[in-house]
Amino acid sequence: MRITAVTCVKNEGPFLLEWIAFNRLLGVTDFLFYSNDCSDGTDRLLDALAARGGLVHLPNPAQGRNYQMEALKDAARQKIVKTADWVWIADVDEFLNIHVGNHTIPALIRACGNPQAISVTFQFFANCGIDGFRDRPVIEQFTRSHNPDLWCDQTAIEVKSLMRQDFPLRYFGAHRPFFRDDLPKAELPVWTDGSGRRVSHKYLVAANPRRIRKFPAHGARRFATLNHYALRSLDSYLVKNDRGDVNRENRAFDDTYWRERNDPAWEDTSIRRYLPALNAALAQMKQDPEIAALHADCVALHLAKRDALMAQPAYAEMHAHLRSLPTEPPAEYALMQELGLVT
């Protein structure tokens, strides 16, 4: 089975090897990376990995600011995507945690009955009070999240999707694929959640603008969860804030973004099942002297950016501010204030 993972990156150098090695453990056979405006060695490391096979690295084709959607439009035309049996579109801070069989994507597909698409629900992992960047697997360091069925005050949580080659694709979205509006009812794709249940009709046909990329999380993670490490360490969050993101250039992440995702109410270490194999795979990748050196350069440049940002009063203030914030999400904290539990 050929499985191609597609992603967009900007200054994600220290995290690339882990994400690639982890997805290979899941059964991903090929990777398509789009990068733009990298200053931390991401592009150099990807070029070296591409030279070793199984990975294609392309410059992001976007002419405007919509980097991710322009890249996904281009991806649909790429041979590495067109010849894949399945396509997995995700970001480098997202890790598919599979709970069934041998914990691989083929096992998830079998558990879900081999549908044409599977949408897996996010679980946002908190910062866990980790200030300093450490060159250790992200899935090892961050182990606490919100209640998986409830994020902030929302019971509907976003998803990312796996797509089978025969999905009647109109275009790829960042969270789910779309098919044409006039597709006959008999040709609608078979589409499940992460528990193998059919997704709702409104989600399927994108009938509700507020639900085109999410659905209720309760009971949706029996076979798989999508662990999202949007914050990582405070060091890395500052660098991310300076970078912007792949959707909007120079986007600023204010403290609402941090507070909404820094909810440590729930401990979940299930993804650590992959750690022994992941550490072995990383060690093997770093036996290649060029790959090891390029990874080390990415780490050094990441830390240098952190130091440069912390030398600026605005970022030093942001660092102190984020450290001082409560870990209850905004809606929960407002309710606690209303009840007089906090002042």
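The values are calculated or read from the model by the stated rules, or taken from the named source; none is laboratory data. Just so you know, these numbers come straight off a predicted model, no measurement behind them. Here the Cβ positions follow ideal geometry from the backbone for every residue, glycine too, while neighbour counts run over all protein chains shown. What goes into the accessible areas is simple: the full protein's heavy atoms, side chains included, and nothing from ligands, DNA or RNA. Shrake-Rupley method; radii C 1.70, N 1.55, O 1.52, S 1.80 Å.
A few points about this structure:
- Matching option when the condition is surrounded by 14 or more Cβ atoms within 10 Å (Cβ to Cβ), of a type in the set (Asp, Glu), touching a strand residue (DSSP E or B) at 6+ places or on another chain (Cβ under 7 Å) and at pLDDT 90 or above, among Asp268, Asp288: Asp268
- The stretch 198-220, residues that are modelled with pLDDT under 95 and exposed (fewer than 13 other Cβ atoms within 10 Å of the Cβ): His201, Ala207, Asn208, Pro209, Arg210
- Unmet criterion (only one of (1) out of contact with any Lys or Arg (no Cβ under 9 Å at 6 or more places or on another chain); (2) within 24 Å of Ser270 (Cα to Cα)) for Thr121: (1)
- Scanning the stretch 158-197 for residues that are open to solvent by 60 Å² or more (accessible area, probe 1.4 Å) and part of a strand (DSSP E or B) turns up just one, Tyr171.
- Within the set Asn114, Asn97, Asn102, the sole residue that is surrounded by 20 or more Cβ atoms within 10 Å (Cβ to Cβ) and either within 30 Å of Asp235 (Cβ to Cβ) or not hydroxyl-bearing (Ser, Thr, Tyr) (or both) turns out to be Asn97.
- Test: residue in the stretch 34-53 that is modelled with pLDDT of 95 or more, open to solvent by less than 10 Å² (accessible area, probe 1.4 Å) and assigned to a strand (DSSP E or B): yes
- Annotation for the stretch 68-81: at least one member residue is more than 19 Å from Asp193 (Cα to Cα), under 16 Å from the mean Cα position of the chain (by Cα) and open to solvent by 20 Å² or more (accessible area, probe 1.4 Å).
A quick yes/no check of all residues on (1) closer than 18 Å to Leu26 by Cβ; (2) in contact (Cβ under 8 Å) with a residue 60 or more places away in the chain; (3) in contact with a helix residue (DSSP H, G or I) (Cβ under 7 Å, 6 or more places away or on another chain):
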site	(1), (2), (3)
His146	no, yes, no
Cys152	no, yes, yes
Phe167	no, no, no
Asp181	no, no, no
Leu188	no, no, yes
His218	no, yes, no
Asn227	yes, yes, yes
